[in-house]
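The next block holds one structure in the form of structure tokens; read it before the comments.
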């Protein structure tokens, strides 16, 4: 008996459908299928649930169940269900992609089945192990009543005593702060300074008198700076600050001469996840121009794909296209190097800033 592969069988079925229009259903292969995905919480997650998923379900006749979380929690969910994967697609930050790859939790994307990858900027393809979905700028934010410093080095001056808010060690931007401290101490650019963090905790400790408190909630910190409770916050993602700026609150981002950091929200394909073909189709949908344009305008994040046009008003808040990212000096750290040391760094930060 001749063996027919699943792919070949699908093509035969599609061909038969083409000859019988009354029996053909668009995306008929997906009818009745279901996947579960892990997404972010907050406003971005709400947009995915209320706008992107319903349209996808309608187009494919399929079901997508979304569970909210954050990067470390979503990685934990993949680990916990490794033997019997529950999720098919997971949203995480780029910091976790090397971890997931090393632990065998994800698989490379099938480029041939994702036409939207043609417009993906290579910088955001992670060698095929995922894609970015939204790029924020991580930098300082300040009350608009003050003139922000041109250099991070100025933050160590006595004039800022008790006037700064610092991101909590449990948040990813705390790594950006450590790189900043290493750059200030060494005079090296971020690309070199990231490897000098271990020798820079004395510089970190010198900033303590200028720190009013630590924050782990970006939107709340933005609101407090807008109210004048502090002059400057460091460092945070623009997606948490610019929604307040756009509404007229007296808080905005500022960009010191040393550069800024790229905060990459990403998607990965869970290894062995249910209904892989539907999962791949959903990941492709997330990169399509219309989806990326709407998502970017809502979240004040830049898309990872080329060819999207934005209004001048939107472009005030996002670093796009890629040439604008380069102009702003957006830096993506060496996460494989950092992940191996981050727990130790976090412990040292907690020791310095413990009340």
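Some points to look at:
- With respect to the conditions (1) at pLDDT 95 or above; (2) in contact with a helix residue (DSSP H, G or I) (Cβ under 9 Å, 6 or more places away or on another chain); (3) closer than 29 Å to residue 78 by Cα; (4) surrounded by fewer than 19 Cβ atoms within 10 Å (Cβ to Cβ), residue 112 falls short on a single one, namely (2).
- So residue 209, is it out of contact with any strand residue (DSSP E or B) (no Cβ under 6 Å at 6 or more places or on another chain), over 27 Å from residue 336 (Cβ atoms) and at pLDDT 95 or above: yes
- Residue pairs meeting the criteria (Cβ under 9 Å; at least 6 apart or on separate chains; first without any contact (Cβ under 8 Å) to a residue 12 or more places away in the chain, in segment 172-195; second in a loop (DSSP other than H, G, I, E, B)): none
- As a summary of the residue check, residue 279 satisfies the conditions (1) in a loop (DSSP other than H, G, I, E, B); (2) modelled with pLDDT of 95 or more; (3) surrounded by 14 or more Cβ atoms within 10 Å (Cβ to Cβ) except for the one numbered (1).
- Residue count for segment 156-170, restricted to those that are crowded, with 17+ Cβ neighbours inside 10 Å and under 27 Å from the mean Cα position of the chain (by Cα): 6
- Condition check for residue 50: surrounded by fewer than 19 Cβ atoms within 10 Å (Cβ to Cβ) and closer than 18 Å to residue 285 by Cα: yes
- Of the strands (runs of 3 or more DSSP E) contained entirely in segment 187-267, those carrying at least 3 residues that are outside the structural domain of residue 89 (by TED's automatic domain parsing) and more than 22 Å from the chain's Cα centre (by Cα) fall at 211-215.
The values are calculated or read from the model by the stated rules, or taken from the named source; none is laboratory data. None of these values were measured; they are calculated from a predicted model. No Cβ is skipped: glycine too gets one built from the backbone with ideal geometry, and neighbour counts run over all protein chains shown.
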